[in-house]
Structure formats: structure tokens, C-alpha cells
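Undergrad: Please find one structure pasted underneath; my questions will follow.
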Amino acid sequence: MNDFTDMLSKAKVMQEKMKELQDKIKKIEVEGEAGGNLVKVILTGDYEMKSIIISEEAKKESREVINDLIKAAYNNAKENLKKKSSEELSNLTGGIQLPFNIKPPF
């Protein structure tokens, strides 16, 4: 019975660490860029777009090109955020690879 209590205690500690990690990740900001820095997008850890920076050079392009650059910069930022989130999760788990969106069963 002591092993079960110990296991529950460890699960509770892991749950608290996961909550701390989620809060930490929400505070992360990452940048994505497209077109050789013509457009930059900054995302927060919960995928909220904080800003879009369009260079003066990009503003000379057509609306369609600018839209494509914004989408590409957002996708780049999203990938950067996934990498950063995975790094943070890896630090918490001691290198064990778990998907960031894992939902513990407790």
C-alpha cells in the first residue's frame, strides 16, 4: 500500500509541475519571420498573436504577397513556439520525449 501512496504523491507533484510549466509557456514570446525579415509575427505561448511587423520594403508589394508573407511568418512563429514548448517540457521530464499537449490522467 505504501507504493501506491508514493505513486499518488509523485503523480501530484508531476501535476503541479505540469501546471507550472503551462503557466510558464503562456508567458513565452516567439518570433516568426518570412521573406528575409520582410514580415515578422510575434506569438505568445498560448498562440495569441501579439504583433505583426511589416517592413517598409514589404509594403511596396501587392496585398496578396503581403498576406502570404504574414501567413508564412505566423507559421514560422508557430513552429518556433512548438520547439520552445517541447524544450521546456523536455527540461521538466528530464529528457523523456512527451507531446506538449499531453493531458495527464489526474
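Undergrad: Loop-only GluC sites (Glu not before Pro) in region 1-91, please: DSSP not H, G, I, E or B, and at most 14 other Cβ atoms within 10 Å.
TA: Glu48, Glu56, Glu57
Undergrad: Can you put Val65, Val30 in order of Cβ neighbours within 10 angstrom, beginning with the fewest?
TA: Lowest to highest Cβ neighbour count: Val65, Val30.
Undergrad: Angle check, please: helix 2-26 long axis (alpha carbons) against the longest principal axis of the chain (alpha carbons), in degrees 0 to 90, nearest 10.
TA: Here the helix axis deviates by roughly 20 degrees.
Undergrad: With the cut-off at 21 Å, tell me which of the pairs Lys24/Lys71; Lys40/Lys83; Lys27/Lys78; Lys24/Lys83; Lys60/Lys83 have Cα atoms farther apart than that.
TA: Table pairs above 21 Å Cα-Cα are Lys24/Lys71; Lys60/Lys83.
Undergrad: Still on this structure: If you take the beta carbon distance between Ile53 and Lys19 as r and set R0 to 25 Å, what does 1/(1 + (r/R0)^6) give as a FRET efficiency, to the nearest 0.05?
TA: 0.15
Undergrad: If you place +1 on the Cβ of every Lys and Arg, -1 on the Cβ of every Asp and Glu, and leave all else neutral, what size is the dipole of region 18-70 about its Cα centre, to the nearest 20 Debye?
TA: It comes to approximately 160 debye.
Undergrad: Out of Ile70, Leu21, Ser85, whose Cα points farthest toward the positive end of the dipole of the chain (charges: +1 Lys, Arg; -1 Asp, Glu; placed on Cβ)?
TA: Among Ile70, Leu21, Ser85, the one farthest towards the positive end of the dipole of the chain is Leu21.
Undergrad: Write down the Å³ per residue value for the convex hull defined by the alpha carbon atoms of the chain.
TA: 96
Undergrad: In addition: Please list the non-local residues whose amide H lies under 5 Å from the amide H of Ile28, H modeled 1.01 Å from N, same-chain partners needing a gap of 5 or more.
TA: Gly45
Undergrad: Based on Cβ point charges of +1 for Lys and Arg and -1 for Asp and Glu, what charge dipole magnitude is obtained for the chain about its Cα centre, in debye rounded to the nearest 20?
TA: Dipole magnitude for the chain comes out near 180 debye.
Undergrad: Same structure, new question: Nearest 10 degrees is fine. How inclined is helix 63-93 to the longest principal axis of the chain, computing both from alpha carbons?
TA: Between the helix axis and the principal axis of the chain, the angle is about 20 degrees.
Undergrad: Across region 45-51, in residue order, what do the Karplus-derived ³J(HN,Hα) couplings come to in whole Hz, using 6.51 cos²θ - 1.76 cosθ + 1.60 with θ = phi - 60° and x for Gly and Pro?
TA: Along region 45-51, the couplings run x, 9, 6, 8, 6, 8, 7 Hz.
Read-outs throughout are calculated quantities, based only on the coordinates presented, and are distinct from any laboratory measurement. From a predicted model like this one, the values you see are computed outputs, not experimental measurements. Using ideal geometry, Cβ is built from the backbone for each residue, glycine included, and neighbour counts are taken over all protein chains shown.
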